[in-house]
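Asker: I have a structure here, written as structure tokens, and I will follow up with some questions on it.
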Amino acid sequence: MNKYPAELSDIELYAALKLEKSISEKAFAELYARYSPRIFAYCRRILGDYDRAQDAFQETFVKFYNSAQQEREMTNVPAYLLRIARNLCLNMQRSDKGHTSLEEYHLPSSIDMSLDKQELLGLITKAMETLPLEYKEAFILREYEGLSYQEIAEITVTSLSTVKIRIFRAKQKIRDILSPYIADISKH
């Protein structure tokens, strides 16, 4: 590795994970730095609980590192990491049915935020928690991760039309839940 890790592409870094220990550690550290905030945020939004999200997040990077030791062609590191995280979160959801801790994990910790904004963000969080998992996941991947419909279809292994329907229905459900609150605000 003649370049600094920050100068390498994701694909080059992934390939470097198979090299000697000092090189693979630097490559892993760079990929971790690039994608850990995004992956943890995804796990946190899907699972809704800090500790469970932390477990899924750590397991994601362990599986990612181990996958590099196998013969695998890598074309999109962030999508691959999201797919691993997705599978782990779905497995945790299935094995832990009914366990949902509704923390204030979507709310920014800004003290000067108006009470109305805090209340609205809390309502959005609660509305998202009521969504079926497949709607919630598609919504999070689109609105929080900024993925295209095609990328979401690839990660969730569903059709493009299914992704569009899920996101539409998620937005519709959130809008329905928030409409009384928004109507109340517009009166003032």
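The values are calculated or read from the model by the stated rules, or taken from the named source; none is laboratory data. Every value quoted in this text rests on a predicted model; they were computed, and no experiment measured them. Every residue, glycine among them, receives a Cβ derived from its backbone with ideal geometry; neighbour counts consider all protein chains shown.
Asker: Out of the stretch 1-11, which residues are free of Cβ contacts under 8 Å to residues at least 12 places away in the same chain and either of a type outside the set (Lys, Arg) or closer than 14 Å to residue 62 by Cα (or both)?
Answerer: 2, 4, 7, 9 - these are the residues of the stretch 1-11 that are free of Cβ contacts under 8 Å to residues at least 12 places away in the same chain and either of a type outside the set (Lys, Arg) or closer than 14 Å to residue 62 by Cα (or both).
Asker: Take the stretch 64-91 and flag every residue that is of a type in the set (Gly, Ala, Ser) and in contact (Cβ under 8 Å) with a residue 40 or more places away in the chain.
Answerer: 68, 79, 85
Asker: Okay, moving on. Report, by residue number, each residue of the stretch 77-97 that is of a type in the set (A, V, I, L, M), surrounded by fewer than 20 Cβ atoms within 10 Å (Cβ to Cβ) and farther than 17 Å from residue 145 by Cα.
Answerer: Answer for the stretch 77-97, where residues must be of a type in the set (A, V, I, L, M), surrounded by fewer than 20 Cβ atoms within 10 Å (Cβ to Cβ) and farther than 17 Å from residue 145 by Cα: 90, 92.
Asker: Another question about this same structure. Report yes if some residue within the stretch 62-70 is out of contact with any Phe, Trp or Tyr (no Cβ under 9 Å at 6 or more places or on another chain) and of a type in the set (A, V, I, L, M, F, W, C); otherwise report no.
Answerer: yes
Asker: If you don't mind, there's one more thing I want to ask. Give the residues of the stretch 36-63 that are surrounded by fewer than 20 Cβ atoms within 10 Å (Cβ to Cβ) and either touching a residue at least 60 places away in the same chain (Cβ under 8 Å) or assigned by TED's automatic domain parsing to the domain that holds residue 130 (or both), sorted by residue number.
Answerer: Passing the criteria: 38, 41.
Asker: Do we have any residue at all in the stretch 153-164 that's basic (Lys, Arg) and under 16 Å from the mean Cα position of the chain (by Cα)?
Answerer: no
Yes or no, residue by residue, for (1) under 13 Å from the mean Cα position of the chain (by Cα); (2) over 28 Å from residue 133 (Cβ atoms):
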| position | (1), (2) |
| --- | --- |
| 14 | no, yes |
| 23 | no, yes |
| 32 | no, no |
| 36 | yes, no |
| 54 | yes, no |
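Asker: Given the conditions (1) at pLDDT below 90; (2) over 25 Å from residue 140 (Cβ atoms), report the number of the one that residue 48 does not fulfil.
Answerer: The single condition residue 48 does not satisfy is (2).
Asker: Let me ask something additional. Of everything in the stretch 113-143 that's more than 18 Å from the chain's Cα centre (by Cα) and outside any helix (DSSP H, G or I), which residue is modelled with the highest pLDDT?
Answerer: Here the residue is 114.
Asker: Would the stretch 145-152 turn up any residue that is hydroxyl-bearing (Ser, Thr, Tyr) and not in a helix (DSSP H, G or I)?
Answerer: yes
Asker: Restricting to the stretch 155-170, count the residues that are without any contact (Cβ under 8 Å) to a residue 24 or more places away in the chain, among the small types (Gly, Ala, Ser) and either surrounded by 19 or more Cβ atoms within 10 Å (Cβ to Cβ) or in a helix (DSSP H, G or I) (or both).
Answerer: 1
Asker: Could you tell me whether residue 73 is among the acidic types (Asp, Glu) and in a loop (DSSP other than H, G, I, E, B)?
Answerer: Details: among the acidic types (Asp, Glu): yes; in a loop (DSSP other than H, G, I, E, B): yes.
Yes; evaluated as a whole, the condition is true for this residue.
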